[in-house]
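Notes follow once the structure below has been shown.
The values are calculated or read from the model by the stated rules, or taken from the named source; none is laboratory data. Quantities reported herein were computed from a predicted structural model and do not represent experimental measurements. Here the Cβ positions follow ideal geometry from the backbone for every residue, glycine too, while neighbour counts run over all protein chains shown.
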Amino acid sequence: LSETERYRRQFQLLQKLGMDRREMAKALGRQFTIYYALPAVPPVLIGIPFILHLSRAPEPGVMVGMNSPGAIVAISLGIFFLIYAIYILLAYTNLRRNILPQGA
């Protein structure tokens, strides 16, 4: 969001070159998806097997039910991605409102 002015100039140039608002919104959405997925997905792909491997360290049967490592990881990831999705949605709507040209 700190580069809003730069994005605004880029999208004004795209509009002058003939790109319509819908295409610009799709491009902005793709850019946001890549920009915010890259920092989140690889750590999850690396971290889950690591955490599940470490969960085998305690004696089997000690951690069962909601206290099992799998459940703890799933709940933690669910909460994290819920908060992350809300943040991304708010940032995207704010940037879209500030950058894309008004109108149809």
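Residues that are part of a helix (DSSP H, G or I) and under 21 Å from the mean Cα position of the chain (by Cα) within segment 1-22 comprise T4, Y7, listed in sequence order.
How about segment 21-39: which of its residues are without any contact (Cβ under 8 Å) to a residue 60 or more places away in the chain and exposed (fewer than 13 other Cβ atoms within 10 Å of the Cβ)? Spell out the reasoning first.
As a first pass, look at segment 21-39 and keep what is without any contact (Cβ under 8 Å) to a residue 60 or more places away in the chain: 22-23, 26-27, 30-31, 33-39.
Within segment 21-39, R22, E23, K26, R30, T33, I34, Y35, A37, L38, P39 meet the criteria.
Exactly one condition in (1) within 26 Å of the chain's Cα centre (by Cα); (2) exposed (fewer than 10 other Cβ atoms within 10 Å of the Cβ); (3) at pLDDT 85 or above is false for P42; which is it? Result: P42 passes all but (2).
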